[in-house]
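Asks: Below you will find the structure I want to go over with you.
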Ligand SMILES: NC(=O)c1ccc[n+]([C@@H]2O[C@H](COP(=O)([O-])OP(=O)(O)OC[C@H]3O[C@@H](n4cnc5c(N)ncnc54)[C@H](OP(=O)(O)O)[C@@H]3O)[C@@H](O)[C@H]2O)c1
């Protein structure tokens, strides 16, 4: 493995072409041929020899992260430039926030989703149900943020081959968005977390309930919006609700520097436990929108989730979680956000103020 300086992208007279120069040990060692913006030929350097390397990034994205050193690794007998983070679930709530933090920090970040944004040269198609998309998504990255298949009670069969592939590709850090709450009837999620922890550089973030569930289109938020009411089977039980922006900040701390010391497991929560009745009071006090709490049974809760379009098995498991909350089993708060980011997690009151528009009547 060698360290070489970041590339310099030099424009040519043609707006859609560029040449890339690499310098090593203080001098220019090679210049690429002019090429199309979606395929840059850059030289890779090994043992004093220069070999062309086909990169799938555009000159603009190379220029954007020209600043840090790049690693050259041996992969499949060839030299590849490996640096950057693949963010699965990159179009979702946590992933989107993470992409923003990583890009602001100058880290090359590949956004993975089923419908990649054509305007983003670093967006790539990735579908858990289509393993042919997994290799290309991993190619050329050395870190991964993993959002497992959503609304699934059995994610392991889809994630396991991806973990094997990530190991073979030499991924140095893999951070999985897991859950502090173990869904009943979903033992494979526990097994999946264990497999991630056993992965080289594997870290599990066990996140508590998301404050963003109070934003549409989550069914909890839809009901507040339409009826001014939270329907819950959790009674006065409390949960350490966390803002996804704080999960993203914690994940970024682990992904920006894959060499930094890290544990393999973090419980990610907000600053304190909060019940649904307390949440309703805070929303009312901060926004003026009166929000009531209607106590319902677990069965009614499951029916509500099913009606919102969740798969029946998942809806039932999620409703059963409310029992654990009611009985105080999920009332846990940790210090990981402070530990990872150097600042305390956001309070629910701050979250509500930041999204006050959500509770305005139309
Ligand atoms: N909500 C909570 O309270 C809570 C608490 C703890 C943990 N979690 C965990 O957090 C995760 C969800 O995170 P989030 O809320 O940030 O995400 P989200 O906003 O629900 O978005 C889901 C993401 O997953 C992607 N996705 C969906 N189906 C996919 C597929 N078949 N293949 C590849 N990607 C797919 C979506 O991308 P495209 O649609 O663009 O493909 C999107 O980026 C879940 O695993 C959940 O268990 C949630």
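Asks: For region 116-133, how many residues meet the condition of being within 10 Å of the ligand (Cβ to nearest atom) and under 16 Å from the mean Cα position of the chain (by Cα)?
Replies: Of region 116-133, the ones within 10 Å of the ligand (Cβ to nearest atom) are 116-117, 123, 125-130, 133.
Pick out the ones that are also under 16 Å from the mean Cα position of the chain (by Cα) and you get 116, 123, 125-128.
Matching residues across region 116-133 total 6.
Asks: Looking for something modelled with pLDDT of 95 or more and in a helix (DSSP H, G or I) - is there at least one such residue anywhere in region 260-272? Reasoning before the result, please.
Replies: Here is the first cut: in region 260-272, the residues modelled with pLDDT of 95 or more are 262-272.
Now restrict to residues that are in a helix (DSSP H, G or I): none.
Scanning region 260-272 turns up no residue that is modelled with pLDDT of 95 or more and in a helix (DSSP H, G or I).
Asks: Looking only at region 173-193, count every residue that is under 16 Å from residue 135 (Cα atoms) and modelled with pLDDT under 95 and tell me the total. Steps first, answer last, please.
Replies: Taking region 173-193 as the starting set, the residues that turn out to be under 16 Å from residue 135 (Cα atoms) are 174.
Going one step further and asking which of them are modelled with pLDDT under 95, we end up with none.
Counting residues in region 173-193 that are under 16 Å from residue 135 (Cα atoms) and modelled with pLDDT under 95 gives 0.
Asks: Looking at this structure, is residue 216 within 14 Å of the ligand (Cβ to nearest atom), under 20 Å from residue 238 (Cα atoms) and not in a helix (DSSP H, G or I)? Can you show your working first?
Replies: Working: within 14 Å of the ligand (Cβ to nearest atom): yes; under 20 Å from residue 238 (Cα atoms): no; not in a helix (DSSP H, G or I): yes.
Here the answer is no, as residue 216 does not meet what is asked.
Asks: Something else: Filter region 78-92 down to the residues that are buried (at least 21 other Cβ atoms within 10 Å of the Cβ) and at pLDDT 95 or above, then identify the one that is farthest from the ligand (Cβ to nearest atom).
Replies: Out of the qualifying residues, it is 85.
Asks: Can you give me the number of residues within region 148-192 that are in contact (Cβ under 8 Å) with a residue 24 or more places away in the chain, farther than 19 Å from residue 257 by Cα and away from the ligand (no atom under 11 Å from the Cβ)?
Replies: The first filter runs over region 148-192 and keeps only residues in contact (Cβ under 8 Å) with a residue 24 or more places away in the chain, leaving 148, 150-163, 165-167, 169-181, 183-186, 188-189, 191-192.
Subset that is farther than 19 Å from residue 257 by Cα: 148, 150-163, 165, 178-181, 183-186, 188-189, 191-192.
Subsequent filtering for residues that are away from the ligand (no atom under 11 Å from the Cβ) retains 154, 156-157, 160-161, 163, 165, 184-185, 188, 191.
Residues that pass the stated criteria total 11.
Asks: Now for a different question. Residue by residue through region 219-249, note down the ones that are near the ligand (Cβ under 10 Å from one of its atoms) and closer than 14 Å to residue 180 by Cα.
Replies: Filtering region 219-249 down to residues near the ligand (Cβ under 10 Å from one of its atoms) leaves 220, 239, 241-242, 244, 247-248.
Hits for region 219-249 are 239, 241, 242, 244, 247.
Asks: Let me ask something else. Just the residues that are surrounded by 12 or more Cβ atoms within 10 Å (Cβ to Cβ) and outside any helix (DSSP H, G or I), please, taken from region 298-309.
Replies: 308
Asks: Here's something else I'd like to know. Answer yes if at least one residue in region 190-208 is under 23 Å from residue 309 (Cα atoms) and not in a loop (DSSP other than H, G, I, E, B), and no otherwise. Steps first, please.
Replies: Here is the first cut: in region 190-208, the ones under 23 Å from residue 309 (Cα atoms) are 208.
Narrowing further to those that are not in a loop (DSSP other than H, G, I, E, B): none.
No, the conditions are met nowhere in region 190-208.
Asks: Could you say whether any residue in region 275-283 is farther than 22 Å from residue 176 by Cα, at pLDDT 95 or above, in a loop (DSSP other than H, G, I, E, B) and within 16 Å of the ligand (Cβ to nearest atom)?
Replies: Among the residues of region 275-283, at least one is farther than 22 Å from residue 176 by Cα, at pLDDT 95 or above, in a loop (DSSP other than H, G, I, E, B) and within 16 Å of the ligand (Cβ to nearest atom), which makes the answer yes.
Table: residues versus (1) assigned by TED's automatic domain parsing to the domain that holds residue 194; (2) crowded, with 20+ Cβ neighbours inside 10 Å; (3) in contact with a helix residue (DSSP H, G or I) (Cβ under 7 Å, 6 or more places away or on another chain).
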position	(1), (2), (3)
234	yes, yes, yes
242	yes, yes, yes
248	yes, yes, yes
258	yes, no, no
261	yes, no, no
266	yes, yes, yes
269	yes, yes, no
272	yes, no, no
281	yes, no, no
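The values are calculated or read from the model by the stated rules, or taken from the named source; none is laboratory data. Predicted model, so just to flag it, every value in this text is computed and none were measured. Please note: Cβ atoms are built from the backbone with ideal geometry, for glycine as well, and neighbour counts cover all protein chains shown.
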